[in-house]
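Here is the structure we will look at, set down as structure tokens.
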């Protein structure tokens, strides 16, 4: 069934409230009967079949029933309220079962209204209360009685436990007791032991098996409440209490809404699962600790950053409430969906009883009255002649306000929230989650005001008025966040900064220092993925570290025959929880593929690499080129009869030739040349992995083969395997999140350190097949050891952080105990101390490239060296050197998800696209042309817009002919040429002049209106004035085309999905397809002097050993 929110049906709240009032008045204590409880249970079961899109309803009606059961003899007010709602619920479900699907909308409203009303009467802490103190006492007495019994009933208990486990699994709910059935099975497996574990496990089984316990099981669904309670408590008692459970309870007592709030996760409503509750609890608790900064580490961050930011701003209990309506004569606003609408306040209408009724003027000039309780929700606006709302728009808002009355959402209509959170995140992720993850079923910016800030502009997305303080400010980078903090007096000082995007740790450390200056009380929360790199995690005592692993939160016990539990929903939250639930139970198998020639080549490489890194830097080009060859071989898909493509053959041939030339004096290089030749012959005639592919996947109906990039996946999409019973698909490692259900995945090689770590921790499929060469298996094994050491270190830091936090917050409980796995590991050494094999360090290629570039630049003249930055990209195959003041096409601010990007002007698009090298950050996504003859992506797009096959660009570059004439007249001496131009007012460095002479990438020099005439005059060209005007006219046309091209690119990318990890993308202009490469930055070095000739993007082997075509 489709989600109720899509039917368009509206609840008649006035009629529904009147019906509830009449039911409350008719309640009598004798209405509490077994038949009534049976009807509730049956209704909940029916709802579980019809309300696939709203599973959160099931738990809430169990809770409402529990409040009625507890209160019916002691609290008449609560009993009346809950009984009236339960009776209405039964009636609505009967209509739903009869085919009236609109009743699901009524049930949703009734659920929210009842829960909020009962919480108001009982207190927010009651949200987790299913058992009364008296019932708990009776349960405890029965448990002790059953534990002391010497009855020989173990066989019957185990048989009954399996039956009850099946019933528990049928009523499974992802957000509550997700592993209750398996926990019962785990108890049954230790019940035979003579230890204390068996003693209490048997008592728990006996309680579950009896029907007439504290809450009689013959009541149906709701009769299981005490049994579930016993299983949960006794499992914790027998196997050890989970510390995260206590942390959730502590956070729920401090911020009760995290337990009550439900989330529309694209296609389903649900409460948060235990894993997400732990993440949120750990985030919120950061505001209670003394440390300024807290780092939360997860196997995968996913939507957790957005969830954390949302929960921080939804703490509406801490906000003040508005009490007055806007003044007459002023403008006021309300939200109509995602858009602000405006009305003009008029003098109120005085009613016969003396009370005043607020009045507003609308677009047609007419006046409308608004109920006082709704008028106070209007936001005052500073403005003149603002377009007013229509009567239809106002009616729509009033109906929504009416529907939200007495539900959780109404709080946000009344709340006067102030700036509290800065959220530093990736733009495309934020807008994607904003649309698909909705607290209380609403977009976050419909509940609170949200402002999005980039380095060039800001836009208000939220529900507040034009002059309202934003509650959440989303920033695209650390620089943007810092500039916000410097705006003294413009905003209320934020209390929290949440960061979930990849950032440079040096920059982050510097920002934390500046945050202390700007706002010493602000807390900084960083959500980070597990990383095995050296020095990745902070060591300061002022920063706490918390590692959250899913199997530590609510582990599914290792039962002999575990019951499989599925999680409903296809939204980002549901997919995330499914992946994390699978991650600890992945069946991983590794098949080592024999390839003798490759193994000999690898062993020869290791010797050369060790010497290059330890004693002879002249061997670095050989080491780096060898690594390039290995990467080509690793990422080659297991298809075809050979793995010899043109580029790999060229790299190996170049390596062999250069090694042979130097091998006369060096035995290691001679061996490298020999093994390279043998490998070239081998790759031309065989593909070892393709030969065994069928044997690995023949037992599966579907298999996804993971490859390094979308480009490879697309090129193989039509490959036929002639496997009739196996459906094989190729998918990029960066697109795994898009898949909902994968039977098995095959990893056909070493795809890169970060990629392999992602595959190991992701839980993408229950079955993971690894097909690796020997050297790839060695790397995989070493990564596994480093990961184990990393977890050891993080576990230790988590215990230290938890212990320090519990000193001032004892209700958070004790930190996790030292597990046997931790105790048996390497003496709590720091991860840094375990990096004892430099040859296999994650960053050795980067270090080698740095050393080679720096050594090659030492002997260059200072005139040919420029201040720039060395940048490495996440694909592991490219790096770039760019001048410090160069501007690059950066896609961060335009990649999919924003609003009205296509309406940007050309100048606004131009500002969004370009970013100076000195401001580049980790995670920035850059675009480069496929052909290196062009300066940037925009050049080729501009040529396509001009449509003259480069004629306009050629005319605009005539000034370069004059420059070459000056160069020739200077006897091809740059120094003489520089002096001549300086005499004519053109003062440039030799590096710049060299670039002008030998590169066509520059359209025109800076300040062309003065520089071009001066160059022509220096060249002694006749009619230089007229020629300069002609050149400048063409230059202006080229620049105009470039601005238009930038606008086209922004319009395309505003809805695009690009991984930024080495993939190609394209845009079509005037019927021509323009392709470009997209790369995401993994590291940015400090500014240094580099040889001007190496500026640009390079593969890791470019310029190291010459590759002849």
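The values are calculated or read from the model by the stated rules, or taken from the named source; none is laboratory data. What you see is a predicted model; the values in this text were computed from it and never measured. Methodologically, a virtual Cβ is constructed for each residue, glycine included, from the backbone with ideal geometry; neighbour enumeration extends over all protein chains shown.
Say we look at the range 965-997 and pick out the residues that are under 48 Å from the mean Cα position of the chain (by Cα) and not in a helix (DSSP H, G or I); which of these is modelled with the highest pLDDT?
Per the stated criteria, the residue is 988.
Test residue 237 against the criterion of being in contact (Cβ under 8 Å) with a residue 12 or more places away in the chain, under 30 Å from residue 192 (Cα atoms) and in contact with a helix residue (DSSP H, G or I) (Cβ under 7 Å, 6 or more places away or on another chain), and give yes or no.
Criteria met by residue 237.
Has the range 613-635 got at least one residue that is without any contact (Cβ under 8 Å) to a residue 40 or more places away in the chain and over 24 Å from residue 877 (Cα atoms)?
yes
Could you please find all residues in the range 137-149 being part of a helix (DSSP H, G or I) and surrounded by fewer than 14 Cβ atoms within 10 Å (Cβ to Cβ)?
If the condition is that a residue be part of a helix (DSSP H, G or I) and surrounded by fewer than 14 Cβ atoms within 10 Å (Cβ to Cβ), then 137, 140, 141, 144, 145, 148 are the ones that fit.
For the range 910-943, name all the residues that are in contact with a strand residue (DSSP E or B) (Cβ under 6 Å, 6 or more places away or on another chain), surrounded by fewer than 21 Cβ atoms within 10 Å (Cβ to Cβ) and modelled with pLDDT under 80.
Selection gives 930 alone.
Residue 609: under 30 Å from residue 683 (Cα atoms) and either at pLDDT below 80 or out of contact with any strand residue (DSSP E or B) (no Cβ under 9 Å at 6 or more places or on another chain) (or both), yes or no?
Criteria met by residue 609.
Please go through the range 769-784 and give me each residue that is under 20 Å from residue 549 (Cα atoms) and either in contact with a strand residue (DSSP E or B) (Cβ under 6 Å, 6 or more places away or on another chain) or free of Cβ contacts under 8 Å to residues at least 40 places away in the same chain (or both), ordered by number.
Of everything in the range 769-784, just one residue is under 20 Å from residue 549 (Cα atoms) and either in contact with a strand residue (DSSP E or B) (Cβ under 6 Å, 6 or more places away or on another chain) or free of Cβ contacts under 8 Å to residues at least 40 places away in the same chain (or both), namely 784.
State which residue pairs qualify: first residue at pLDDT below 80 and inside the range 492-513, second residue surrounded by fewer than 16 Cβ atoms within 10 Å (Cβ to Cβ) in any location, beta carbons under 7 Å apart, and separation of 6 or more residues or different chains.
Qualifying pairs under 7 Å: 493/519.
Within the range 50-135, considering only helices (runs of 4 or more DSSP H) that don't extend past its boundaries, which have at least 3 residues that are without any contact (Cβ under 8 Å) to a residue 12 or more places away in the chain and under 27 Å from residue 266 (Cα atoms)?
none
Please specify each residue of the range 473-531 satisfying the condition of being touching a helix residue (DSSP H, G or I) at 6+ places or on another chain (Cβ under 8 Å) and part of a helix (DSSP H, G or I).
478, 479, 481, 482, 485, 507, 508, 511, 514, 515, 518
Out of all the residues in the range 694-701, is one or more under 24 Å from residue 571 (Cβ atoms) and not assigned by TED's automatic domain parsing to the domain that holds residue 647?
No, the range 694-701 contains no residue that is under 24 Å from residue 571 (Cβ atoms) and not assigned by TED's automatic domain parsing to the domain that holds residue 647.
Considering only residues that are without any contact (Cβ under 8 Å) to a residue 24 or more places away in the chain, surrounded by fewer than 20 Cβ atoms within 10 Å (Cβ to Cβ) and either in the same structural domain as residue 314 (by TED's automatic domain parsing) or assigned to a helix (DSSP H, G or I) (or both), which ones fall in the range 379-409?
392, 395, 400
Any chance you could count how many residues in the range 32-48 are in a loop (DSSP other than H, G, I, E, B) and either at pLDDT 90 or above or surrounded by 15 or more Cβ atoms within 10 Å (Cβ to Cβ) (or both)?
Going through the range 32-48 one residue at a time, the tally reaches 1.
Give me a count of the residues in the range 285-304 that are crowded, with 21+ Cβ neighbours inside 10 Å and either on the phi > 0 side of the Ramachandran plot or outside any helix (DSSP H, G or I) (or both).
Going through the range 285-304 one residue at a time, the tally reaches 11.
Is the range 746-765 home to any residue that is surrounded by 21 or more Cβ atoms within 10 Å (Cβ to Cβ) and in a strand (DSSP E or B)?
yes
In this structure, is residue 247 buried (at least 18 other Cβ atoms within 10 Å of the Cβ), in contact with a helix residue (DSSP H, G or I) (Cβ under 8 Å, 6 or more places away or on another chain) and part of a loop (DSSP other than H, G, I, E, B)?
No; evaluated as a whole, the condition is false for this residue.
Test each condition in (1) farther than 20 Å from residue 17 by Cα; (2) not in a helix (DSSP H, G or I) for residue 412 and report the one that comes out false.
(2)
Can you tell me which residue among 705, 731, 742, 683 is assigned to a loop (DSSP other than H, G, I, E, B) and surrounded by 18 or more Cβ atoms within 10 Å (Cβ to Cβ)?
Of 705, 731, 742, 683, the one residue that is assigned to a loop (DSSP other than H, G, I, E, B) and surrounded by 18 or more Cβ atoms within 10 Å (Cβ to Cβ) is 742.
Pick out the one residue from 1022, 1026 that is outside any helix (DSSP H, G or I) and free of Cβ contacts under 8 Å to residues at least 60 places away in the same chain.
Checking each option against the conditions leaves just 1022.
Exactly one condition in (1) closer than 25 Å to residue 578 by Cα; (2) touching a residue at least 24 places away in the same chain (Cβ under 8 Å) is false for residue 725; which is it?
Only one criterion is unmet by residue 725, namely (1).
Take residue 821 and decide whether it is exposed (fewer than 13 other Cβ atoms within 10 Å of the Cβ), at pLDDT below 85 and assigned to a helix (DSSP H, G or I).
Considered against the rule, which asks whether it is exposed (fewer than 13 other Cβ atoms within 10 Å of the Cβ), at pLDDT below 85 and assigned to a helix (DSSP H, G or I), residue 821 comes out as yes.
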